Structure formats: structure tokens, C-alpha cells
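A short worksheet on the structure shown next.
The values are calculated or read from the model by the stated rules, or taken from the named source; none is laboratory data. Treat the numbers as computed from the prediction; the structure is a model and nothing was measured. Cβ: placed from backbone, ideal geometry, glycine included. Neighbour counts: every protein chain shown. Keep in mind that these areas ignore ligands, DNA and RNA; they rest on the heavy atoms of the full protein, side chains included. Shrake-Rupley method; radii C 1.70, N 1.55, O 1.52, S 1.80 Å.
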Amino acid sequence: MLEHVLTEEMIQIKRQVNGWEEAIQSAARPLVEHAYVTDDYVNAMIENVNELGPYIVIAPEIAIAHARPDDHVKKIGLSLLKLDQSINFAENSHYASLVFVLAAVDEEQHLDMLSELANVLNDSGKVKQLKESAATSEILNIIHKQ
Amino acid sequence: MKFLVVCGHGLGSSFMVEMNAKQALSELGAPDDLEVEHSDLGSAASDMADIFICGRDLADNLEGMGELIVLDNILDKDELKEKLNVKLEEKNLI
């Protein structure tokens, strides 16, 4: 499922962003442009971090931004923004350079995709390769190569 | 005995940790009747599990819910396995 959702048009590489809010907005852009989610979903994700803290940084260098499934999500989606210069999500060092955005339509349907993604992100060698990638095609290969 | 992995929305990271926890428990030779589920912070209640697992950022929110396993890096399988091991030994389950 992952390879059908996280396609090349969902992946971006940027040198840097100004702040974590911009990281989330920028990472979510392909999902907004392709009508997976609305702008309200992006705002909800930012609001979540403001409320609950930088818990979306699930491991060093990896953030998975998301909000509740609701009317703002049209279909299951996943996008990725890879930053050459990692961004801090909180004052006490929650740096991420791989910023994923998850759009879920309910609490179940995206779980297969996430378990595939977890297999990639649990592999520190692959995470290192992702961080060093210079092209979206490279990222795609690393994630979808079993 | 039941473990509940909790994250902000119960959509992403708690599910990943649930998978890792199930794998770790089986590697540690834990009894088959140990359950692992995941939930979001808003729905988690103290009667839902015996032991709660969460990342450091949410630890304060789960204080008082029950026994806690707090992870510094929630994707770190080794950390999770080590902390589960300590807990299972404490409970004389392995």
C-alpha cells in the first residue's frame, strides 16, 4: 500500500525552512494540491503541536505530522519533505529532517501503510540514506526497496 | 495483563510501537496472554490497561493512569525491549 500512496509527487527535498510551522505547511503541500486534505487540516496539525508539544517527532530526525481524521481529509495520504538542514520542533531539541505528513480517513485503513513505513524507519541504515538523499527518485528507491 | 501504547491521536506512532512491542514480547519469551493495544491520549483511561507505554513528551499527561513505561525514542526497538524486559522480570513473567 505504501508505494501506491507515497509516490514521487508526494516527496519533496528542500535545503531549509524557517521554523517548524513552515516545515509542516511545506511537507503537506502535495497533499493539499492533490486535494487529499484541505488547508484546515494543515492548520489542525500545527495547532496539535502547539497544544500537545513536539510529540510528532517520533525519533531523532523523524517527524510524522498528523491530525484527527475528519472532513478535512478526503483520502488516505502520506507525503514527505526531506530537509538538508534539520528543523527544531521545540526548544528542548526535537530536530527532524524527514518530515512526513499523514492523512488518515479513519483509525484503521492507514495502518498497513504505516507498518510498511515503520519497517523502513526502524532501519537506521535506511534512515541515514534518506537523510543523505539528493533526489526524490533516490528517496523513492530507498523506501520502496524491500 | 495488558499494555496500552498511547500517543497524541492514536493514529500513527502508537500503532508502530504496538507492533514493535508485540515483536519484543515474543522475542523475550513473554506469556502468550499478554495483550498490546494502542490508543490516543484523549480516550486512554486507567481501566484500559495495566501498563501504559508512551513517549517522553506525553509522560506527564499519563501520570496517575497506572504503571508507565516511558520511551526516549519511541521507534527504538532496543530501548523498548530493554524496558519491557525489566517490567516482565519485575512481574516475574519471564
Conditions (1) within 14 Å of chain B (Cβ to nearest Cβ); (2) buried (at least 17 other Cβ atoms within 10 Å of the Cβ); number of the one not met by residue A:70: (2)
Matching entry among B:42, B:55 (being out of contact with any strand residue (DSSP E or B) (no Cβ under 8 Å at 6 or more places or on another chain), of a type in the set (Gly, Ala, Ser), under 24 Å from residue A:78 (Cβ atoms) and open to solvent by 10 Å² or more (accessible area, probe 1.4 Å)): B:42
Of residues in segment A:116-127 being part of a helix (DSSP H, G or I) and in contact with a helix residue (DSSP H, G or I) (Cβ under 8 Å, 6 or more places away or on another chain), the one nearest to the other protein chains (Cβ to nearest Cβ): A:118
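To keep it simple, each residue is scored yes or no on (1) modelled with pLDDT of 95 or more; (2) within 14 Å of chain B (Cβ to nearest Cβ).
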residue	(1), (2)
A:40	yes, no
A:58	no, yes
A:84	yes, no
A:99	yes, yes
A:103	yes, yes
A:114	no, yes
A:129	yes, no
Criterion: out of contact with any Lys or Arg (no Cβ under 9 Å at 6 or more places or on another chain) and either surrounded by fewer than 24 Cβ atoms within 10 Å (Cβ to Cβ) or closer than 23 Å to residue A:139 by Cβ (or both) - qualifying residue of A:83, A:98, A:2: A:2
Answer residue from segment B:11-32, given it is facing chain A (nearest Cβ under 7 Å) and either in contact (Cβ under 8 Å) with a residue 12 or more places away in the chain or not in a loop (DSSP other than H, G, I, E, B) (or both) and is nearest to residue B:89 (Cα to Cα) among those: B:19
